[in-house]
Amino acid sequence: MVVKVKNKNVDMWLLLAVICLSLLGVLMIYSASYVWAEYKFDDPFKYAKNQLLFFMIGLIVMYIVSKINYNFYFNNANLFLLICVILLILVLIPGIGTIRNGSRSWFGIGSFGIQPSEFTKLALIIFTSKYLSKNLKDIKDIKKGVLPIIVLTLFIFGLVMLQPDFGTGTIIVMSVMGLLFISGVKLSFFMKIGLVGIIGVVGLIIAAPYRVARIISFLNPWSDPLGSGFQIIQSLFAIGPGGLFGFGLGNSRQKHFYLPEPQTDFIFSIISEEFGFLGIIIVATLFLIIFIRGFTIAYKCKDLFSKFLVSGIIFGLAFQTLLNLMVVVGLIPVTGVTLPFLSYGGSSLLITLISMGIILNISRYQK
């Protein structure tokens with residue numbers, strides 16, 4: 001499946017949007033975290049410096065990845081997924097995996113941490129893209145064509161849920177569902193899967209008291225304003241007063257120990273508070289450029305594997321962005337999902353930039 005290069009330049013609109021969002025993320029992480037960072041570490045630049053380091057590393061890795069022919073991922077898809085599954089199992093072992101924010105989903109390296117579930121998201125997309133490109137003729141046969149990838153996805157979802165990390169698990173499942181949808185799987189299949197999924201989610205919620213608390217706080221955050229509803233209330237307090245232009249960079253009130261760890265899941269609230277509706281429009285525009293350019297590249301791909309691979313990456317990115325924004329404005333319960341490019345997190349930023357590097361490489365091989 002080797003193809004000749006027709007376009008030697010990467011997609012510049014995609015590249016510029018990725019760099020702009022990432023740099024905005026570093027800036028906003030500093031603005032959102034300097035009060036807490038100075039209190040906790042006596043260094044207001046602590047989180048911003050860490051994120052800037054990962055951005056610089058990620059930028060170098062993205063450049064290298066953009067030079068690697070995407071056939072490399074086709075040839076090594078099985079190996080990548082196997083390594084990630086092994087890491088998902090190892091991270092569950094006490095003494096190897098470390099617990100952060102209630103989830104045993106990290107390998108601790110000093111003050112840094114590596115989250116294998118982030119890398120698994122990409123590895124499963126690569127594997128599924130290869131599987132679909134080789135078995136597309138069987139995709140109408142649910143048992144022969146679809147069931148194997150569903151079983152594999154549920155197995156990986158189960159490993160992620162043992163950490164537990166419901167947000168990442170949801171993104172993994174939705175990314176695969178997106179790929180199955182564009183591959184031509186019948187709509188009736190998704191209706192059945194959706195019904196089973198709803199039953200499963202209800203079961204997972206009932207099985208874990210903290211998830212029940214999140215549902216209650218979602219339905220009525222004021223029922224426990226100092227407990228389970230605190231985070232979403234403070235998020236809305238940040239978004240509401242922002243107005244058209246916001247209070248200005250660095251002038252957020254909610255980051256002063258009201259909104260917990262605002263540099264992570266709820267960084268969009270701080271962006272809204274400091275830059276108002278204008279900031280929301282800028283962020284939304286940059287994300288839309290990435291999504292539109294991504295799907296345009298997928299549409300122009302010359303082979304099925306690259307078409308599925310780009311689509312899967314963009315599906316995953318879009319689902320993650322949508323989940324985060326819906327949490328921030330109170331449309332769904334808190335999931336722990338970060339906002340791509342903008343939220344603090346080395347593993348998330350690194351794997352996102354690697355994913356963008358893959359798409360940039362594929363953009364060289366368009367029709």
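The values are calculated or read from the model by the stated rules, or taken from the named source; none is laboratory data. Given the structure is predicted, the values throughout are model-derived calculations rather than measurements. Here the Cβ positions follow ideal geometry from the backbone for every residue, glycine too, while neighbour counts run over all protein chains shown.
The set of residues in region 17-33 that are within 16 Å of ILE60 (Cα to Cα) and buried (at least 18 other Cβ atoms within 10 Å of the Cβ) comprises VAL18, SER22. Selection of region 109-139 for residues being modelled with pLDDT under 80 and either more than 20 Å from the chain's Cα centre (by Cα) or among the hydroxyl-bearing types (Ser, Thr, Tyr) (or both) yields ILE109, GLY110, SER111. Within region 226-247, if we keep just the residues that are outside any helix (DSSP H, G or I) and in contact with a helix residue (DSSP H, G or I) (Cβ under 6 Å, 6 or more places away or on another chain), the residue that is modelled with the lowest pLDDT turns out to be SER228. Among the residues of region 180-192, the one identified as surrounded by 11 or more Cβ atoms within 10 Å (Cβ to Cβ), more than 17 Å from LYS144 (Cβ to Cβ) and aliphatic (A, V, I, L, M) is ILE182. Among the residues of region 132-144, the ones that are in a helix (DSSP H, G or I) and in contact (Cβ under 8 Å) with a residue 40 or more places away in the chain come to 4 in all. Within region 331-359, residues that are touching a residue at least 24 places away in the same chain (Cβ under 8 Å) sit with their Cβ atoms under 6 Å from residues that are surrounded by 21 or more Cβ atoms within 10 Å (Cβ to Cβ) and of a type in the set (Lys, Arg), at 6+ positions apart or across chains, in these pairs: PRO333/ARG214; VAL334/ARG214.
Considering (1) of a type in the set (Gly, Ala, Ser); (2) buried (at least 19 other Cβ atoms within 10 Å of the Cβ); (3) at positive phi, the lone condition that ALA48 does not fulfil carries the number (3).
Filter region 213-225 down to the residues that are outside any loop (DSSP other than H, G, I, E, B), of a type outside the set (Gly, Ala, Ser) and surrounded by 14 or more Cβ atoms within 10 Å (Cβ to Cβ), then identify the one that is modelled with the lowest pLDDT.
First pass over region 213-225, keeping only residues outside any loop (DSSP other than H, G, I, E, B): 213-219, 221-223.
Next, only the ones that are of a type outside the set (Gly, Ala, Ser) stay: 214-216, 218-219, 221-222.
Cutting the leftovers down to surrounded by 14 or more Cβ atoms within 10 Å (Cβ to Cβ) gives us 214-216, 218, 221.
On the way: ARG214: 64, ILE215: 71, ILE216: 67, PHE218: 68, PRO221: 75.
Checking each candidate, the answer is ARG214.
ARG253 meets all of the listed conditions (1) among the charged types (D, E, K, R); (2) assigned to a loop (DSSP other than H, G, I, E, B); (3) surrounded by 23 or more Cβ atoms within 10 Å (Cβ to Cβ) but one, namely (3). For region 228-248, indicate whether the set of residues that are more than 16 Å from the chain's Cα centre (by Cα), at positive phi and surrounded by fewer than 20 Cβ atoms within 10 Å (Cβ to Cβ) is non-empty. There is at least one residue in region 228-248 that is more than 16 Å from the chain's Cα centre (by Cα), at positive phi and surrounded by fewer than 20 Cβ atoms within 10 Å (Cβ to Cβ). Here VAL337 meets each of (1) surrounded by 23 or more Cβ atoms within 10 Å (Cβ to Cβ); (2) over 18 Å from SER22 (Cα atoms); (3) among the aliphatic types (A, V, I, L, M) with one exception, condition (2).
Scanning region 283-313 for residues that are among the charged types (D, E, K, R) and in a loop (DSSP other than H, G, I, E, B), which turns out surrounded by the most Cβ atoms within 10 Å (Cβ to Cβ)? Once the filter is applied, the top-ranked residue is ASP303. Taking (1) in a helix (DSSP H, G or I); (2) touching a Leu at 6+ places or on another chain (Cβ under 8 Å) in turn, ILE280 satisfies each apart from (2).
Checking LYS67, LYS40, LYS46 one by one, the residue that is basic (Lys, Arg) and closer than 26 Å to ASN9 by Cα is LYS67 and no other. Among residues of region 148-197 being outside any helix (DSSP H, G or I) and not polar (S, T, N, Q), the one that is nearest to LEU122 (Cα to Cα) is ASP165.
Would a scan of region 5-16 turn up a residue that is surrounded by 13 or more Cβ atoms within 10 Å (Cβ to Cβ), at pLDDT below 90 and under 30 Å from SER133 (Cβ atoms)? So far as region 5-16 goes, yes, one or more of its residues are surrounded by 13 or more Cβ atoms within 10 Å (Cβ to Cβ), at pLDDT below 90 and under 30 Å from SER133 (Cβ atoms).
Restricting region 258-269 to residues that are under 19 Å from the mean Cα position of the chain (by Cα) and not aromatic (Phe, Trp, Tyr) leaves a set whose member that is surrounded by the most Cβ atoms within 10 Å (Cβ to Cβ) is PRO262.
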